[in-house]
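**Q** My questions all concern the structure below.
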Amino acid sequence: MMNNLFSIFDPSSNLFNLSINWLSTLLGIMFIPLSFWFIPNRYFILWNFISNKLHNEFKMLLGPNSFNGSTFIFISLFFFVFFNNFLGLFPYIFTSTSHLNMSLSISLTFWLSFMFYGWINNSQHMFIHMIPQGTPPILMPFMVLIETISNIIRPGTLAVRLTANMIAGHLLLTLLWSTGITLPNYLIIFLIFIQILLLILESAVAIIQSYVISILSTLYSSEVN
């Protein structure tokens, strides 16, 4: 029963032994607005409004020492994760962010790049960051160990947070749908109403989780400067 339940997240469609479900990851490219119009449409104005809001917030978190244009990395990460989360709510579209191999690849790539940059260019700052200010000398070895462990598990926590939230909502929708076959007709209307509310909730979760992973990645990068 559990294998059948979790098998909805398996990429089962294939062509020449190549999984084509992962191609849904690139569907978000179709939602990028084209800027070839003399008069921008409402979708393009909304895209610029969200991008400017994210740019200002990420710029404030990165601080004055950040490179010019560094916020666009995290804006791209936000839109990429958001479109993959949101498209997974549509029927027959594979949700790539519900798999650890996708979310862990994203978080691990960002984390490794931050660590390499920090230890190569700001190694003294990275050592200082391991020991909070005011720590007693006897506790310094333990604080270094704790900070090292908390730093190593960061990409795992980012990936598990995103994957678990995507799986939880899809599982709940699947469980409610599977019980609808045995329900009487007067309860099916109530079930449909609950499913619509859950879809609205999952749409909010898709936005929140993409915002969370972008904000946390920004905070982690600000610590290496």
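**Q** Compute the distance from the alpha-carbon center of segment 66-91 to that of segment 136-212, in whole Å.
**A** Between the Cα centres of segment 66-91 and segment 136-212 lies a distance of 18 Å.
**Q** While we're here: Pulled fully out, how much extra length does the chain show between I152 and F90, if you take 0.36 nm times their separation in residues and subtract their Cα-Cα distance?
**A** Between I152 and F90, full extension yields an extra 18.8 nm.
**Q** I've got another one for you. Based on the mean of other Cβ atoms within 10 Å per residue, sort peptides 184-195, 77-88, 201-212 so the most packed one is first. Intermediate values should be presented prior to the final figure.
**A** Details: 184-195: 10.4, 77-88: 21.7, 201-212: 16.8.
Per-residue Cβ counts within 10 Å, averaged per peptide and sorted highest first, yield 77-88, 201-212, 184-195.
**Q** Can you list which of the DSSP-assigned H helices in the chain have a Cα extent of 20 Å or more along the long axis and an average Kyte-Doolittle score of at least -0.5?
**A** Working: long enough: 42-62 (30 Å, 0.10); 71-87 (24 Å, 2.04); 100-121 (30 Å, 1.00); 154-179 (38 Å, 0.77); 185-222 (55 Å, 1.83).
For the chain, where a helix must reach 20 Å along its axis and average at least -0.5, the hits are 42-62, 71-87, 100-121, 154-179, 185-222.
**Q** Now, a different point. Tell me what the chain gives for mean residue ellipticity at 222 nm when only DSSP H runs of n ≥ 4 count, each as -39,500 (n - 2.57), the sum divided by the residue total, rounded to 500 deg cm²/dmol.
**A** On the way: 8 runs with 149 residues, N = 225.
Result for the chain: -22500 deg cm²/dmol, rounded to the nearest 500.
Readers should treat all values here as calculations from the given coordinates under stated rules, not as data from a laboratory. Remember, it's a predicted structure, so these values are computed and weren't measured experimentally. All Cβ positions, even for glycine, are placed from backbone atoms using ideal geometry, and neighbour counts span all protein chains on display.
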